[in-house]
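The values are calculated or read from the model by the stated rules, or taken from the named source; none is laboratory data. Keep in mind that what you see is a predicted model, and the values were worked out from it rather than measured. Ideal geometry is used to build each Cβ from the backbone, glycine not excepted, and the neighbour counts take in all protein chains shown.
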Amino acid sequence: MKSHARVVVIGGGIAGCSTLYHLTREGWSDVVLLERDELTSGTTWHSAAQVTNFGAVQTMVGLKTHSINLYKELAEDAEYPINYHHGTGGLRLAGTQDHLDGYRHFRSMAKGMGVEFEIIDADECRKRHPLITTDNLAGALWDPMDGDIDPAQLCQALARRARKAGAEVYRHTPVTGLTQTASHEWIVHTAQGDITCEHVVNAGGYRCNELGAMMDVVHPVASMEHQYFLTEPIADIEALDFRVPLIRCPTDDFYSRQEKNGLLVGFYEQDCRTWGLDGIDPDFTNALCPDDPDRVLPVLENVFERMPCLTEVGIHTIINGPITYTPDGLPLVGHVPGKRNAWCITGLRAGLGEGGGHGWLLAQQIVHGEAVYDTWCLDPRRFAKYADIDYTALKAIEDYQNEFRFHMPHEYRPAGRPARTTPLYEVLKEAGAEFGVVNGWERALYYKPSPDFEEVHSFRFNNTFDVVAKEVEAVRDRVAIMEVSGFNRYEIAGEGVHDWLDTMMCSRVPRKPGRVGLTYFLNDDGNVKGEATLANLGPNRVWYGSAAAAELHDMDWLADHLPVDGSISITSLVDTHSILVVAGPRSRALLQAVFADVDWSKDEFRWLSAREVKVAGHSMVAMSVSFSGELAWELHVPNEGLVDCYSALTAAGEPLGLARFGLHATDSMRIEKGYRHWKADLITEFNPMESGLERFVKMDKQFVGKAALEKMIVTGPRRAFVHLELDSDGAPAHPGDSIVSGGKVVGTVTSAAWGHRVNKNLAMGFVDPSCASMGCNLHVEVIGEPVPAQVCDPCQYDPDNDRVRS
Ligand SMILES: Cc1cc2nc3c(=O)[nH]c(=O)nc-3n(C[C@H](O)[C@H](O)[C@H](O)COP(=O)(O)OP(=O)(O)OC[C@H]3O[C@@H](n4cnc5c(N)ncnc54)[C@H](O)[C@@H]3O)c2cc1C
């Protein structure tokens, strides 16, 4: 066995084999795969191995398309052909019109990735799948590319190609330990000796946390038992001259595909089981869990009604195996949080369909630093430490029970909540807050107008419309308060901290003590990596603030670039502080009433400045920044003073007409102002010029990514960021919706909301530069309808910022 390799991939299932193959495809041949048993001896060998193109976000659709194209190529390889039933087609059934709305949105989103889904009615479903009944069926999404593949052959084919390109595969080589050296290399200890490598990849499937423990990491991955049945031949299928399509059924919780002349039927029962949470038998390899058909009986009844032929056919095999889940159902593909040169490709629950694409995107990140698509939806750093195994198991059960039921807009499911709260949580709940979740934190979305109010989730404007309108009105006309829990905040301190940050950000860093600035940072490719608000709190002290979701992402990036002399330190304040936003024309008066010893006047406490203030014995940092476009302050309050501070503000606010507001109102107002959201409008696929951030880029200084950006500026923009006004009041656009010109997709919506102050249906997105001029007439495909849209001014509300300075 080799003693050195550039990359060691641990695990020989689809995840590991695909990563190995794609590393060679991206140009690295000094790569090794270690497998404790035979290839595919984990979950992969017994997979139902359906390969679909459907995804809820563009990155997923794109990576699945890559899988499909790759598998087609492998199937046609004359030297080593593999069995792949490609293009059988598949139906995702819908029981309600709301569900069909969702499919219409996903169809629009997939178009932007060059993928065409079809929405069909119940009769057409029956024509395409003659074995189903159509009772209670609203229709379906038809995915023409659906099929199934032989999982063992697929992995062998990938390993074979990788070997041909120089990779080595060592079977029966269990990894027993991982040690990182001072120079950030990894020593991979195995039963057969050690291998030292630059990068290590955890592709250990349901054993990923055994490998995680070797580097002191807990991956939020939990396994569920999952069963499918294989039937005897079915006469109706034998009589057909085509393969019956795949079915995914959210109303009856099953899937099926043709297997020989019978069916393979898999179930997602409510009475489901986690697996292996207390440790996994080391001998569980090439193994299955005991059959448990009784568990799926309640599902079976509905399945029989949908596919009556199943009542007359015998079952010849039951497969029950472990399948991995993460808290949000998407895998963990990318950097292991807090560990340099460590990667993972774990938590795959549809690994056969997706594995080709995940291995591709991971190999690109390892070799080039970034992948072709923004991979945040897969990034392991999207879950901070709150996502432990207990939490993950609760979410896994919930997800399993809702397998084909996608999240409706603004739907946050209850399992595992509340995971992260501040001392204000109960107070806001009492006040009627309806909470959503941001990186585990409970954050108010809006305040219910009555205790029994329940949001009817929809892809159209719903019953929260007027509620949000009222909150916006209060912010615009009076004063309102919101807690922004979990906002990512670090104190960065040390000699030369401003100079160091200046090399990290493409924007100017605020140099004067007490000043605050919005800054952006780029990756080495010159594309947008992140956004941070920097507050200069003195000669060697900066407060760094960014989106709650960026907690681990930004820390990794900053820590990786810290000066080696240890002169600068970073301390996270995420768990010790929260933010109270006070916004509206009367906010100055309110703050003056509460913090009487501070001069909050226009001349003394100007926009984009910060200072330390005190109330009821609690010190805090006040910053005059605004995400709403109204006069506003953020109070960065230590948790122990949060309730006192909030109480003081609400008491003093009563005579001023103080209201409460939440995230939905904020979203409406920030879109009117043209403010971007990290990982919605700011993604690694585009540079800051393409993202409309020219004014934040200072080309007269050095910064990470500058050389690459200079080159791109010469080449010209690939896309342009635009703001759109839609000519419709029935539904908002949704992130991912296609922007169309002359029948051709020319762009994608990234954010959208009703602008309550300007009374317009607004959206933002990236389009082909030829469609970006002011007034350009386009269409946005919103839940199936082409809605006329016009490119409009980026700032629809108070473009001169008179109100924030008032
Ligand atoms: C019943 C069932 C039906 C399914 N149907 C579908 C489907 O229709 N379509 C679909 O896309 N997906 C399906 N899946 C899911 C899919 O099979 C999995 O997502 C996929 O196989 C996971 O692959 P993996 O490589 O991540 O894990 P695994 O296949 O488990 O591979 C991990 C490998 O790592 C090795 N390993 C672990 N620890 C070590 C160590 N210390 N040293 C060396 N090697 C180690 C293991 O031996 C194993 O070979 C199904 C799953 C189940 C259970």
Review point. If you check every pair at least six apart or on different chains, which have Cβ atoms under 9 Å apart with a residue in the range 159-178 that is within 20 Å of ALA342 (Cα to Cα) first and a residue that is part of a helix (DSSP H, G or I) and away from the ligand (no atom under 14 Å from the Cβ) second?
Key: ALA167/LEU23; ALA167/THR24; ALA167/ARG161; GLU168/ALA162; VAL169/ALA162; VAL169/ARG163
Check your understanding: Of the residues that make up the range 325-346, is at least one farther than 25 Å from HIS22 by Cα, in contact (Cβ under 8 Å) with a residue 12 or more places away in the chain and surrounded by 20 or more Cβ atoms within 10 Å (Cβ to Cβ)?
Key -> yes
Study note, to complete from the structure: The one condition VAL217 fails out of (1) surrounded by fewer than 20 Cβ atoms within 10 Å (Cβ to Cβ); (2) part of a helix (DSSP H, G or I) is (2)
Check your understanding: Does any residue in the range 772-783 that is charged (D, E, K, R) come within less than 7 Å, Cβ to Cβ, of a residue that is modelled with pLDDT of 95 or more and part of a loop (DSSP other than H, G, I, E, B) six or more places away or on a different chain, and which pairs are these?
Key -> GLU781/ASP737
Point to revise | Of the criteria (1) within 10 Å of the ligand (Cβ to nearest atom); (2) not in a loop (DSSP other than H, G, I, E, B), which one ASP236 fails | key: (1)
Revision key, fill the gap. Scanning the range 609-662 residue by residue, those over 26 Å from GLU491 (Cα atoms) and of a type in the set (Asp, Glu) turn out to be GLU630, GLU654
**Study point:** Residue count for the range 505-515, restricted to those that are surrounded by fewer than 22 Cβ atoms within 10 Å (Cβ to Cβ) and within 19 Å of ARG676 (Cβ to Cβ)
**Key:** 1
Check your understanding: Do we have ALA191 as surrounded by 16 or more Cβ atoms within 10 Å (Cβ to Cβ), closer than 17 Å to VAL169 by Cα and within 11 Å of the ligand (Cβ to nearest atom) here?
Key -> no
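Looking at GLU269, GLU232, GLU259, which is the one that is in contact with a Pro (Cβ under 9 Å, 6 or more places away or on another chain) and touching a residue at least 12 places away in the same chain (Cβ under 8 Å)?
GLU269
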Check your understanding: Among the residues of the range 49-108, how many are of a type in the set (Ser, Thr, Tyr), part of a helix (DSSP H, G or I) and under 23 Å from ARG128 (Cα atoms)?
Key -> 3
Practice item. Would you point out the residue of the range 12-50, among those that are aliphatic (A, V, I, L, M) and near the ligand (Cβ under 6 Å from one of its atoms), that is surrounded by the fewest Cβ atoms within 10 Å (Cβ to Cβ)? Key: ALA48
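Name the residues in the range 147-185 that are surrounded by 15 or more Cβ atoms within 10 Å (Cβ to Cβ), assigned to a strand (DSSP E or B) and either within 14 Å of the ligand (Cβ to nearest atom) or among the charged types (D, E, K, R) (or both), would you? First the steps, then the outcome.
Just the residues of the range 147-185 that are surrounded by 15 or more Cβ atoms within 10 Å (Cβ to Cβ), to begin with: 147-163, 165, 167-170, 173-175, 178, 180, 185.
Within this subset, residues satisfying the condition of being assigned to a strand (DSSP E or B) are 147-149, 168-170, 175, 178, 180.
Answer for the range 147-185, where residues must be surrounded by 15 or more Cβ atoms within 10 Å (Cβ to Cβ), assigned to a strand (DSSP E or B) and either within 14 Å of the ligand (Cβ to nearest atom) or among the charged types (D, E, K, R) (or both): GLY147, ASP148, ILE149, GLU168, VAL169, TYR170, VAL175, LEU178.
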Exercise for review: Filter the range 47-69 down to residues that are farther than 30 Å from ILE683 by Cα and either touching a Phe, Trp or Tyr at 6+ places or on another chain (Cβ under 9 Å) or of a type in the set (A, V, I, L, M) (or both), then give me how many there are.
Suggested key: 3
Exercise for review: Test each condition in (1) more than 12 Å from the ligand (Cβ to nearest atom); (2) more than 30 Å from ALA182 (Cβ to Cβ); (3) within 19 Å of the chain's Cα centre (by Cα) for PRO331 and report the one that comes out false.
Suggested key: (1)
